[in-house]
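The values are calculated or read from the model by the stated rules, or taken from the named source; none is laboratory data. Bear in mind the structure is a predicted one, so any value in this text is a computation, not a measurement. Positions of Cβ are backbone-derived with ideal geometry, glycine not excepted, and every protein chain shown enters the neighbour counts. These area figures cover heavy atoms from the full protein model, side chains too; ligands, DNA and RNA do not enter into them. Shrake-Rupley method; radii C 1.70, N 1.55, O 1.52, S 1.80 Å.
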Amino acid sequence: MLPDKLTSLARLTDALSRARSAAEVYAASLDSLQESLGVERASILLFNDEEVMTFVAWRGISDAYRQAVNGHTPWRPDSRDVEPVLVRDGEADPSLAKYLDLFRAEGIRGLGFFALTHRGRVIGKFMLYYGAPHDFTTEEIALAKTIAGQIAFGLTRILAEEALEAERARLAATVANVPGMVWETIGSFPDEQRVTFVSDGIRDLVGYEPQEWLDDPSFWSRIIVDRSQPQVDVVAENAVRENAVAVHQYKLRRRDGRTIWVEVRTAHTMVNGTLVSRGVTTDITMRKEAEARNAFFSEAAGVLSASLDYEKSLAQIADLIVGSLGDWCVIDLVEEEEVVRIAAAHRDTSKGGTMRRLQTEFAPSKNEIGIGRHVFETNTPLLLENISPEFRERIRQATAAPVLDEIGCESLMVVPMTAGGRVFGTIAIASTAEGRHYDRNDLAIAVELGLRAGYAIDHARLYRTARAANRAKDDFLATLSHELRTPMTAALGWASMLRSRDLSAETQQVAAETIERSIRTQAKLIDDIFDVSRIITGKLQLQIAPVDLKQVVAAAVETMQPGIQAKALRVEIEFENQDEMLLADAGRLQQVIWNLLSNAVKFTPSHGLVRVEVKRPSAESVEISVGDTGQGISKRLLPFVFDRLRQGDSSATRAHGGLGLGLAIVKSIVEMHGGTVAAESEGEGSGARFTIRLPRAEASKGVAAVPTREPRISLAGVTVLLVEDDDDTRVMMSRALEQHGANVIAVVSASAASAALDAMRATPPTVMVSDIAMPGEDGVSLMMKIRGGAVESCRDVPAIAVSAFARPEDRDRILAAGFREQLAKPVDALTMLQTVRRALPATSADLA
């Protein structure tokens, strides 16, 4: 080989060694081919990823030629023992006949194919093109093979470096996107460990530069505050032996002083007897905080749900708080408009005495919750990340300043305990450490705790209310049983004594009066119960008409005369205006005044005073007050005297009877009239005064009558058809009617209807009195048959219904069937006779 050829090869070798890209390799290779082999045209082709031979560099050939022969190759990548393909004259080679026109157009006659191989695989080729037939010499072929070897080596190196660089770029991009820090060390921990790689993620993770760890292998140990797995070397040995990933968790202190939790996932391998560790370190602070938060809430939930004694539970919650969220904690609760400091706890047990003072001596006063007052009033949490000088001045001026100064406060949260829009109290949590300042995340935890505590309090109070309601119901039923059985005992006893023929007329009179009084007492109890039921369901209706207030008061006082006389009470009645008129329901207004008088008489001792006053405090209102010199009302009970079933004494030893419904009925009736009622008392033993204020409207003299006693009733000449299935009631009503002159036709039952209808046909009655609830066919059905003409001559007979169904809807149903009147059981004889008298036709009434 000539010296100039050797020189050319040397230049190629040097160019290839200095090449930094494939393009530089291509240029140096083509230069060498032209220079060493004296060709003007040459090209380089390589296999692509699909193993298709494609042009990568060329000189002196057209685009049309390249496109036409692109992909043509005599070899595959796995071809073995490849040798150059030499074509002296393309026009004379039958295997290239299909390219003949292409060669002629391009001016090509001779061609040389030289394979580029690396480690036994064909990676490409270079082509030599001649414009005339060319005979390849041995020296030329040898030189071309040498150049092929050089080009193949240079290309392989460059392509490998480019692939490596691309892989590095991909790896760098991956590492850059890994949350946390990627690293590699060589050597055993800690003495022999050397750091070989640290990603830039170290900056975000702990605030240090990668070089700081590269320069100091002990760097990591210096910033660790706490480690969950101290035996790192043992974990590494186990990971190597088991070919597993080792996981460590550490608590670190960042450069800025903030502490975080990190998790290190490491793969350990042994390379030539040396431990190589590669790992990823990530920030798990949020996960740790979530775990701690969940554990805290789980424990808090357990405390709050373990007992309905929420006062005790809240004290335990305070202890839980100072174990995790704060250094000290105070919990204030509102109980019946009074503020109660339920708990005061401190992390430092030596401060127990100080916290007890804060809970007892410096508890908030009524309607005040200390620094949490604004929180309570607005249901808005308070966060003071740093205690300002102004706030410290407020603390110094507080009555609890000595205690607060002793326990300290650097950061503070106050959150409401709330449920259903109601605030039950507040939780104050404080940090005393200079480096510990609460943030929004801490506040969110405290607010959630406040909500959970609020729900627990609400649930417990609802349960207590339900239990109290059940107790009240049980007390009411026991009282009702007592109140019904007491007069029943007297009535039953006197009734049995009346069978004796040895009773004097005076004793018989006492018996009759006692029985009547006992039954009226029972009827009053039942009426009160039904009145309350109507009030609750909104079915109590008023019959408004002009009312003479003086008559109403007089009638109520007259009704109470037996009780007044029995206790020798003095009753004073004073009217500021004797002709005071109201638009009201006379019967209900009398019921109100009677209830108040009954209360006064019941609770006033013998020879006491009951005073009724009627005043006109303004042109728009009238005021009625009933006062007494009785036992009075305690301050504790006074706000609740108008509550249903509420009594000052519900025990078995109580001195006074009653169901505790009267004042509730009074309040409801007065409010239905658009008025108000209030109770006053200076306390037990000081008497009581109830004041009703009603709106005053102009009322004419057409005054609604107040029931008064009527003269003896005569029913002479009146025939009464009595339909009643109860034997005792039928006999009583028959005797009463007969004693007042009536001719009574008593029918046992309306079960077949024919008995009543047959009696009508036989003797048409002047008036009919019928029970409603009877076996078989009820009174309403019977009445509808009569009004339908079952007995034509009695189609319009006046009819009175007697029924234990006393609701307004029952009365409407009965009257709609054709009855003129309805009497609610129990019915006394006088009321029944008066109703029969009113129901008579005008001619019959005149005869009677």
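Brief remarks on what is shown
- With distances taken between every two different alpha-carbon atoms, the stretch 117-168 has a Kirkwood hydrodynamic radius of 13.1 Å.
- Peptide packing: for 732-744, 321-333, the average count of neighbouring Cβ atoms within 10 Å per residue gives the ranking 321-333, 732-744, highest mean first.
- Helix axis angle, 829-839 relative to the chain longest principal axis, alpha carbon, degrees: 90
- In this rough spin-label picture, where each label sits 7 Å from Cα along the Cβ direction, the residue 831-residue 243 distance is 10.1 nm.
- Rg/Rh for the stretch 767-806 (Cα atoms only, Rh after Kirkwood) is 0.98.
- Tilt relative to the chain, helix 727-739 - C-alpha long axis, 0 to 90 degrees, to 10: 40
- The chain, relative contact order in percent, only Cα pairs under 8 angstrom and at least six apart counted: 5
- Tail weight of P(r) past 53 Å, computed on alpha-carbon pairs of the chain, percent: 57
- Protection proxy ranking of 549-561, 432-444, 152-164 - average other beta-carbon atoms within 10 Å, highest first: 549-561, 152-164, 432-444
- Using a probe of 1.4 angstrom and keeping all protein chains present, the accessible surface of the stretch 369-479 works out to 53 square angstrom per residue.
- Packing, as the average of other Cβ atoms within 10 Å across residues, places the peptides 108-114, 562-568 in the order 108-114, 562-568, highest first.
- Taking amide H positions as modeled 1.01 Å from N, with prolines and chain starts lacking one, the residues under 5 Å from residue 545 and 5 or more places away or on another chain are 584, 585, 586.
- Net charge dipole size for the stretch 274-313 [Lys, Arg +1 and Asp, Glu -1 on Cβ; Debye, nearest 20]: 300
- Derived scalar couplings between HN and Hα for the stretch 257-272 equal x, 6, 9, 9, 9, 10, 10, 10, 10, 10, 10, 10, 9, 9, 10, 6 Hz in order, rounded to whole Hz, by the Karplus curve 6.51 cos²θ - 1.76 cosθ + 1.60 (θ = phi - 60°), x for Gly and Pro.
- Inter-part distance where the stretch 660-688 and the stretch 17-75 are each reduced to a Cα centre, Å: 114
- Amide H within-cut-off set for residue 249, under 5 Å, with H built and near neighbours excluded: 228, 229, 264
- DSSP beta bridges confined to the chain are antiparallel in about 80 percent of cases.
- Computing FRET efficiency as 1/(1 + (r/R0)^6) for residue 672 and residue 575, where r is the C-beta to C-beta distance and R0 is 30 Å, gives about 0.80.
- Length released on extending from residue 506 to residue 301, taking residue separation times 0.36 nm less the Cα-Cα span: 66.4 nm
- Long-range HN-HN contacts of residue 116 with modeled amide H, under 5 Å: 123, 124, 125, 126
- Degrees, to the nearest 10: 285-306 long Cα axis against longest axis of the chain: 20
- Inter-probe distance in nm under a simple model that places probes 7 Å from Cα toward Cβ, at residue 51 and residue 276: 3.2
- Efficiency of FRET from Cβ geometry, residue 812 and residue 743, R₀ 35 Å, rounded to 0.05: 0.65
- Computed FRET value (nearest 0.05) for residue 178 with residue 255, which takes r as the C-beta separation and R₀ as 22 Å: 0.60
- Full extension of the chain between residue 14 and residue 92 gives 24.1 nm of extra length, using 0.36 nm per residue less the Cα-Cα distance.
- A simple rule links phi to the HN-Hα coupling: the Karplus curve 6.51 cos²θ - 1.76 cosθ + 1.60 with θ = phi - 60°, which for the stretch 75-83 gives 10, 10, x, 9, 4, 10, 6, 6, 10 Hz, with x for Gly and Pro.
- Segment residue 66-residue 619, extension gain: residue separation times 0.36 nm, minus the distance between their alpha carbons: 187.3 nm
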